[in-house]
Each structure stands twice: as C-alpha cells, then as structure tokens.
Amino acid sequence: MLRQQATLSLELARIALSAVLEEAACLQVQISVSIVDAAGQLIHLAHMDGAPALSRDIALDKAYTAASFGLSTGRWEAQLAEAPASVRDGLAHRPRMVLFGGGEPVRTSGQVVGAIGVSGASAEQDEQCAHAGVQAVMAALASA
C-alpha cells in the first residue's frame, strides 16, 4: 500500500527556470523564481539582479502553496469569496500560505508533480512568468 508519485526532475526544473527568466526579461521585470517538487520541496531557485530581497521567500511560498493545494495562488481570492470569515482569516494566517498570483501547479495526467512560484513584479506579471515555466515543462514532456 505504498504510493508512488511522479515529481519534477532537476532537468525539468532547469527548463522551467529558463523559460521563466526569459519571460521576465521580455517583461523587463526583476523577479525571483522557485521550482518545487510534488511535495513542495525546493528543486531550483533563481534571484534576478535587482529583484526585491523578500521576493525569494515569497516565490518559494507561492510554489509551496500551489503544490500543496494543486491550485494557482491567483485563484484563491475567488475560491474564498463565499467562504466564512473564519476560513478566509484562518488560511491567510497560515505560515507559507500565499493567496495572490504567481504560484502555478504543474500537472501531468491530472496529478500535481510540482509547482513554480514567481515574485518581484506585479501579481499579473508573476503569473505570466510562472505560466511560461509551466508551458515549457509541458512542451518538454510532450516531446519526450
């Protein structure tokens, strides 16, 4: 009754990292990016010159949140709109829980295999960069 879980590899994390940094350069923003495995553990991290220092930790927490729940961090506001105040407040006060955009889960065959977290620009730009990383991973898997 052991469970086997697919997870991102370092090779895929490097592919994602490259795509995220390329997207950030196109947007002319300085960001931090974290890529985590299916358990939310860090595989790869980059901090661009000029990115805010705290963005390192926020990017990791975005990736951790996305991997933990299998939900884009930018979707939490809508998810919690009808929830009781106790749930909204409780989740917002959980350590490492991020409820704004920039964390994207990576899924294959409906299973979360990791996540990408980006921080340092606007939530929308962080999301755009994270999406670029997810797309790069999916393209690499499709061509394998």
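The values are calculated or read from the model by the stated rules, or taken from the named source; none is laboratory data. Note that this is a predicted model, so its numbers are computed, not measured. So basically every Cβ, Gly included, is an ideal-geometry build from the backbone, and we count neighbours across all protein chains shown.
Looking at Gly120, Gly133, Gly101, Gly110 in this structure, which one is at positive phi, surrounded by 13 or more Cβ atoms within 10 Å (Cβ to Cβ) and either of a type outside the set (Lys, Arg) or in contact (Cβ under 8 Å) with a residue 12 or more places away in the chain (or both)? It would help to see each step written out before you state the result.
Details: Gly133 fails: at positive phi; Gly101 fails: at positive phi; Gly110 fails: surrounded by 13 or more Cβ atoms within 10 Å (Cβ to Cβ).
Selected residue: Gly120, the only one of Gly120, Gly133, Gly101, Gly110 that is at positive phi, surrounded by 13 or more Cβ atoms within 10 Å (Cβ to Cβ) and either of a type outside the set (Lys, Arg) or in contact (Cβ under 8 Å) with a residue 12 or more places away in the chain (or both).
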When Gly90 is run through (1) without any contact (Cβ under 8 Å) to a residue 40 or more places away in the chain; (2) within 10 Å of the chain's Cα centre (by Cα), the failure sits at (2)
Restricting attention to the stretch 53-60, does a residue exist that is touching an Asp or Glu at 6+ places or on another chain (Cβ under 8 Å) and among the charged types (D, E, K, R)?
-> no
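Does Thr7 meet the test of being out of contact with any Lys or Arg (no Cβ under 8 Å at 6 or more places or on another chain), polar (S, T, N, Q) and surrounded by 14 or more Cβ atoms within 10 Å (Cβ to Cβ)? I'd like the intermediate steps shown before the answer.
On the way: out of contact with any Lys or Arg (no Cβ under 8 Å at 6 or more places or on another chain): yes; polar (S, T, N, Q): yes; surrounded by 14 or more Cβ atoms within 10 Å (Cβ to Cβ): yes.
It is true that Thr7 is out of contact with any Lys or Arg (no Cβ under 8 Å at 6 or more places or on another chain), polar (S, T, N, Q) and surrounded by 14 or more Cβ atoms within 10 Å (Cβ to Cβ).
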Looking at the stretch 28-43, which of the residues that are farther than 21 Å from Gly110 by Cα and surrounded by fewer than 17 Cβ atoms within 10 Å (Cβ to Cβ) is farthest from the chain's Cα centre (by Cα)?
-> Gln28
Filter pass, Ala46 being free of Cβ contacts under 8 Å to residues at least 60 places away in the same chain and more than 25 Å from Ser18 (Cβ to Cβ) | no
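For the stretch 18-115, give me every one of the helices (runs of 4 or more DSSP H) that falls completely inside it and has 3 or more residues that are over 18 Å from Leu8 (Cβ atoms) and in contact with a strand residue (DSSP E or B) (Cβ under 7 Å, 6 or more places away or on another chain).
Numbers: elements: 55-69, 76-80, 85-92.
Answer list for the stretch 18-115: 55-69.
Here's the yes/no breakdown for (1) hydrophobic (A, V, I, L, M, F, W, C); (2) more than 12 Å from the chain's Cα centre (by Cα); (3) modelled with pLDDT of 95 or more:
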{"position": "Val106", "(1), (2), (3)": "yes, no, yes"}
{"position": "Ser109", "(1), (2), (3)": "no, yes, no"}
{"position": "Gly117", "(1), (2), (3)": "no, no, yes"}
{"position": "Cys129", "(1), (2), (3)": "yes, no, yes"}
{"position": "Val134", "(1), (2), (3)": "yes, no, yes"}
{"position": "Ala139", "(1), (2), (3)": "yes, yes, yes"}
Hey, any hits in the stretch 66-76 for a residue that's over 18 Å from the mean Cα position of the chain (by Cα) and surrounded by fewer than 18 Cβ atoms within 10 Å (Cβ to Cβ)?
-> no
